[in-house]
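Visitor: Got a structure for you, questions after.
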Amino acid sequence: MSSAEAAVIDRNFAGRYARDMDKVQERILLEQIRSGDEAGFEILVKQHADRVTGLAWRLLGHRQEAEDIAQEAFLRLHRALPEFRGDSRVSTWLYRTVTRLAIDFMRRERLKRRLFFSRRDEDDFDPVDLASDPRDNPERDLNGKQAVRRLRQALGRLSPRQRAIFTLRHYEGMSLREIAELLDIEEGTVKTHLHRAVTALRSELTEFQED
Amino acid sequence: MIKRTCLNDQDLTLLHYDETPIGLDPDDARRHLAECAACRARQLSLERVLHGLPRLDPDLDPHHATRMAARVKDCLPRRRSFLPAMTTVMTAAIAVLVVTNWAPQRQASHNSSANQQATVQQEMPQANAQQKPQATAQPETPPEVDLLENLELLKELDTLSEITGV
């Protein structure tokens, strides 16, 4: 047994894992979890919680909904662990699940708006986004918040898939090949969606031009 | 393959994100971009908008991960442990066997003692007249005592106790 494996197995080191677990450590942790180690699953959640919630928030724009999506993704992971083969990393699996959940959520919200003439979406912002930070320059803060609001409005008018693809490429830095695998669609389709998203955003956000 | 016509908007978008334009060699596309002022101007306009987009930082507090872990844990199905239930069942079974094996023997011994005392009392009725007969202090034997006196049944109960180890 390598020292890395021993460190992972030793429960005393549970709180001192490296921020990013390597593949070997992750494999060992998954084995422990499958053997009934619930504390190991808690460690796994802590490892990925920030990134998963951050992705959901970028996709949806609302903190509470993002946390609900993140929670659901972790619960699905827990259910899927017995059959989790480990071909992909846990982070990849989580990203895929969160993105699909978010797209489904956006589609349902769109349908509700069309059916019930609800105005909830780009006009309904996360109060956390609008809260001012006393450390910021008020004028700069206001401009920043307004810019985010405008961006959210524009993103809200994209189709759920375009919005997801643009967010994953522009804000998460994933390659289009990775996005295609994540969404289980052709890379050419991803390229087309990205282009349409950028075209739509450019037409709406002409004021956002880097000086 | 060098594209003889200018790059379209999709090509420029993909090049901006370091992706390969559809149907083009990325090196050829970049070479064209370097040589074509019109495409360079369009590319610059695109980049200014995309670079100017505001950041979307979730701004999570340092305890978010811990809270999420607790939240997920609360939603997980409770693991059913069968060990306590099994222990309880076995304890109850053992208790039943102990009682069923011990009680008949106790009843039998009480009845035997009671019979003996009754016989003595009959032989010495006067001597025990002032004394409270001990037989009456004994609890009334249930009607099933006749059955429990059945030696065959007692043997079966003994065998059962041997099997269960009680």
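Visitor: For peptide A:170-181, what's the mean number of Cβ atoms from other chains within 10 Å of each residue's Cβ? Intermediate results must be reported in sequence, preceding the final value.
Guide: Details: counts 5, 4, 1, 1, 0, 3, 5, 2, 0, 0, 0, 0.
Taking all residues of A:170-181 together, the mean is 2.
Visitor: Also: Provide the solvent-accessible area of residue A:191, counting protein heavy atoms only and rolling a 1.4 Å probe, rounded to the nearest 10 Å².
Guide: 20 Å²
Visitor: Restricting attention to the range A:37-124, which chymotrypsin sites (Phe, Trp or Tyr not before Pro) occupy a DSSP loop and are surrounded by at most 13 other Cβ atoms within 10 Å?
Guide: Sparse-neighbourhood loop chymotrypsin sites (Phe, Trp or Tyr not before Pro): A:117.
Visitor: Just read off the accessible area of residue A:184 with the full protein assembly in place, 1.4 Å probe, to the nearest 10 Å².
Guide: 120 Å²
Visitor: Carbon and sulfur together cover what percent of the accessible area of the range A:148-211 at a 1.4 Å probe radius?
Guide: On the way: 1080 of 2730 Å².
Ligands and nucleic acids excluded, carbon and sulfur give 40 percent.
Visitor: Between residue B:48 and residue A:111, how high is the FRET efficiency from 1/(1 + (r/R0)^6) when r is the Cβ-Cβ distance and R₀ = 30 Å? Nearest 0.05.
Guide: Rounded to the nearest 0.05, the efficiency is 0.25.
Visitor: Is there a simple number for the mean count of other chain Cβ atoms within 10 Å of the Cβ of residues in B:45-51, and what is it?
Guide: Average neighbour count from other chains, rounded to a whole number: 5.
Visitor: Which value, in square angstrom to the nearest 100, describes the accessible area buried between chains A and B on both sides, using a 1.4 angstrom probe? All intermediate terms of the calculation are to be shown ahead of the outcome.
Guide: Working: alone 12840 and 13690 Å², together 22710 Å².
For chain A against chain B, roughly 3800 Å² becomes buried.
Visitor: Moving to a separate point now. Would you kindly state how much longer the chain becomes between residue A:171 and residue A:153 on full extension, computed as 0.36 nm times their sequence separation minus their alpha carbon distance, in nm to one decimal?
Guide: The span from residue A:171 to residue A:153 would gain 4.8 nm if fully extended.
Visitor: Let me ask something else about it. In nm, to one decimal, how far is the residue A:192 label point from the residue B:100 one, both placed 7 Å along Cα→Cβ?
Guide: Output for this residue pair reads 7.6 nm.
Visitor: Within 10 Å of each Cβ of A:74-82, how many other protein chain Cβ atoms are there on average?
Guide: Mean inter-chain Cβ contacts per residue within 10 Å come to 2.
Visitor: Just read off the accessible area of residue A:34 with the full protein assembly in place, 1.4 Å probe, to the nearest 10 Å².
Guide: For residue A:34, solvent-accessible area is about 90 Å².
The values are calculated or read from the model by the stated rules, or taken from the named source; none is laboratory data. Because the structure is a prediction, the values reported are computed rather than measured. Note: ideal-geometry Cβ built from the backbone for every residue, glycine included; neighbour counts use all protein chains shown. For accessibility, only protein heavy atoms count, side chains too; no ligands or nucleic acids. Shrake-Rupley method; radii C 1.70, N 1.55, O 1.52, S 1.80 Å.
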